[in-house]
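J.: Here it is, the structure in full.
The values are calculated or read from the model by the stated rules, or taken from the named source; none is laboratory data. Given the structure is predicted, the values throughout are model-derived calculations rather than measurements. Note that each Cβ is placed from the backbone with ideal geometry, even for glycine, and that neighbours are counted across all protein chains shown.
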Amino acid sequence: MSAITFAQMLSAELLKLQRKRAIMAIAAFFTVGVTVLYFGISEVQHLADPGRYGPAGGMHNFNRATVILSIFFGALTAILVGTEAGTTDTASGVFRDIVVTGRERAWLFAVRVPAALIVTLTLGLSAVGLALAATYGFAGGLPTPDATYVVDSVLWVGGSQALLCVIAVGLGSLTGSRAGSLTALLGWQLVAGRLLAMITFLGGARDAIPNIALGALKPGEQLPDTNGLTMSSALAVLIIALWAVGWLALGAWRTRTRDA
Amino acid sequence: MSTDAIIETRELTKRFGERLAVDRVTLSVPRGCAYGFLGHNGAGKTTTIRMLLGLTSPDTGTMTVRGMAVPQHRSVALSRVGAIVEEPHFHHHLSGRENLRLLAAVRGPETFARIDGALERVGLAERSTEKVARYSQGMRQRLGVARCLLADPELLILDEPTNGLDPAGILEFRQMIRALVGEGRTVFLSSHLLDEVEKACDAAAIIDGGRIVTSGPIAELARGTRVELIIDCDNPDRALELLAGAPEVLEAERTGAGLRLTLRAAGDGAELNRRLVEAAIAVSRLEPVRSTLEERFLEVTSRLQAVA
């Protein structure tokens, strides 16, 4: 397949996602909206009662914002966009009409991944940009992150969102069910993953939980989810890569073998 | 397999669990015609089509599309095939034009230039910017055809394309099929509607219980192996006596106003007429019985047994 065709297919995937107004609105709210609310409310509180509430910006609030934008609300956006990208053709019945063009199914899957990542990261990194602006703009006398820390944090937020996004694309393509994939991933991300991390007798096996691995790579303060678990950066990267590759492989396999 | 057939299957078989959906289907569809694929609901039409298009794989058997073996050369074989399977599906949140853009992107850059023409041809150019969610069933069917045309297809595979259309829509669809055939394209039309196939197609295959029970040009299929003639005359009893023993006549029976004969060959009617006239019997009517495809269909399929 030519690069032009791939680019046009990618553009078509983006069109499908962008025109899902409700999903885009929710995804934007979970990233940009939540960031605006977090810093906006904090600043209003600070202005209303400076003695009780500190400035909205600064290092500490930036750290909190990156956690919100990675494993909490940013994760929801990544899951929402990823499952939509993974299931939209099968859910609408269009998958069959695309398959009969003769285009290799592997490519039909392959274009979903960058499309979902572009949408997720555009929203996620826009929110990080807002968070940075607020971090410095509302810092008052508080310390602010240096350039290295900012770059590390942006990479970490982007990486966290990208991981959940590709898992969602893979799972969505595997099941073909938007509702099922969303429920499973939200349940995992918000409940099951955290419960497993707290079960101490699982010991080192808990390192395989994505949030634990992500936590090991987080710059600055440790994630609350990690429950004190630590691992080397290399192992964390390996675990994250295995999750991403594993789910992508499953999604690609199902797209190639699915009865359309 | 011959190369002048645009679709060829040999011993194609597909089983779903215990149920044999397609049973050793051997089919040859010539290029440049409208070819009907006729069968009851559940006869195996859609499963056969799905195998041809690579939507599901056969258990055994071989097939070619445009002379190329599928699924081995599926991508090239289907590059100039347009297909609607069961009903066309679309992204309802996108406009008709945007839906075509999505498919054009998958087919390749040269396809984008065909979007306007395809919309124009199916009469949707003026409403192409509306969301598909607002389209009627008939408009969606037409958009489905427009999507097929993006491939500049040598072959169109249409599975029950007139489902949900009103009579005017069906007529329009039939005219479109004939126009497409007039351009040298082949239309493979699957349907359970006998009338639709009889009026739109040049040839057909009848499938029943997963098996092809007969195939050929529509006229031959309708006629089957029986050649019948109705004769009205001024002395039917004498005419029956004269013709009953004639070598051209297989069966002869007296009817209300005359005779009904079963002949060995279609051209024998003129000879029988000459004999009647020579015997001074005045013939007021001599009419070949035109069997309909419906009669033939019921004759060869299991539905007849159910009715009987």
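J.: Would you please list the contacts, defined by Cβ atoms under 7 Å and residues six or more apart or on different chains, that run from a residue in region B:66-91 that is on the phi > 0 side of the Ramachandran plot and more than 7 Å from every other protein chain (Cβ to nearest Cβ) to a residue that is basic (Lys, Arg) and surrounded by 16 or more Cβ atoms within 10 Å (Cβ to Cβ)?
T.: Going by the 7 Å Cβ cut-off, the qualifying pairs are B:Arg66/B:Arg80.
J.: Which of the residues that make up region B:119-148 are within 14 Å of another protein chain (Cβ to nearest Cβ) and within 27 Å of the chain's Cα centre (by Cα)?
T.: B:Arg140, B:Gln141, B:Leu143, B:Gly144, B:Val145, B:Ala146, B:Arg147, B:Cys148 - these are the residues of region B:119-148 that are within 14 Å of another protein chain (Cβ to nearest Cβ) and within 27 Å of the chain's Cα centre (by Cα).
J.: Taking region B:41-65 as the region of interest, how many residues are within 10 Å of chain A (Cβ to nearest Cβ) and within 23 Å of the chain's Cα centre (by Cα)?
T.: Going through region B:41-65 one residue at a time, the tally reaches 8.
J.: Against the condition at pLDDT 95 or above, small (Gly, Ala, Ser) and under 19 Å from A:Ala241 (Cβ atoms), how does A:Ala162 come out, does it pass?
T.: yes
J.: Looking at region A:79-162, what helices (runs of 4 or more DSSP H) fall wholly within it and have at least 2 residues that are free of Cβ contacts under 8 Å to residues at least 12 places away in the same chain?
T.: A:94-99, A:112-137
J.: Take B:Ile281 and tell me if it is part of a loop (DSSP other than H, G, I, E, B), among the β-branched types (Val, Ile, Thr) and either assigned by TED's automatic domain parsing to the domain that holds B:Thr9 or surrounded by fewer than 21 Cβ atoms within 10 Å (Cβ to Cβ) (or both).
T.: Yes; evaluated as a whole, the condition is true for this residue.
J.: Being within 20 Å of B:Tyr35 (Cβ to Cβ) and either touching a Pro at 6+ places or on another chain (Cβ under 9 Å) or not assigned by TED's automatic domain parsing to the domain that holds B:Lys45 (or both), is that true of even one residue in region B:203-217?
T.: Yes, region B:203-217 has at least one match.
J.: Got a number for residues in region B:16-48 being in contact (Cβ under 8 Å) with a residue 40 or more places away in the chain, within 15 Å of B:Asp208 (Cα to Cα) and part of a strand (DSSP E or B)?
T.: The total comes to 11.
J.: Across region A:193-226, what is the total count of residues that are touching a residue at least 40 places away in the same chain (Cβ under 8 Å) and farther than 14 Å from A:Asn63 by Cα?
T.: 4
J.: Count, please, the residues in region A:168-192 that happen to be in contact (Cβ under 8 Å) with a residue 60 or more places away in the chain and over 22 Å from A:Ile212 (Cα atoms).
T.: Of the residues in that region, 7 qualify.
J.: Considering only region A:39-80, state which residues are aromatic (Phe, Trp, Tyr) and surrounded by fewer than 20 Cβ atoms within 10 Å (Cβ to Cβ).
T.: Scanning region A:39-80 gives A:Tyr53, A:Phe72.
J.: Same structure again: Looking at region B:113-134, is at least one residue buried (at least 24 other Cβ atoms within 10 Å of the Cβ) and within 17 Å of B:Glu8 (Cα to Cα)?
T.: no
J.: I need the full set of residues from region A:73-89 which are within 14 Å of chain B (Cβ to nearest Cβ) and touching a Ser or Thr at 6+ places or on another chain (Cβ under 8 Å), in order please.
T.: A:Thr87
J.: Return the pairs, sorted by first residue and then second, in which the second residue is assigned to a loop (DSSP other than H, G, I, E, B), the first residue lies in region B:144-158 and is over 16 Å from B:Gly32 (Cα atoms), the beta carbons are less than 6 Å apart, and the residues are 6+ apart or on different chains.
T.: From region B:144-158, the pairs are B:Gly144/B:Pro88; B:Val145/B:Val122; B:Ala146/B:Val122.
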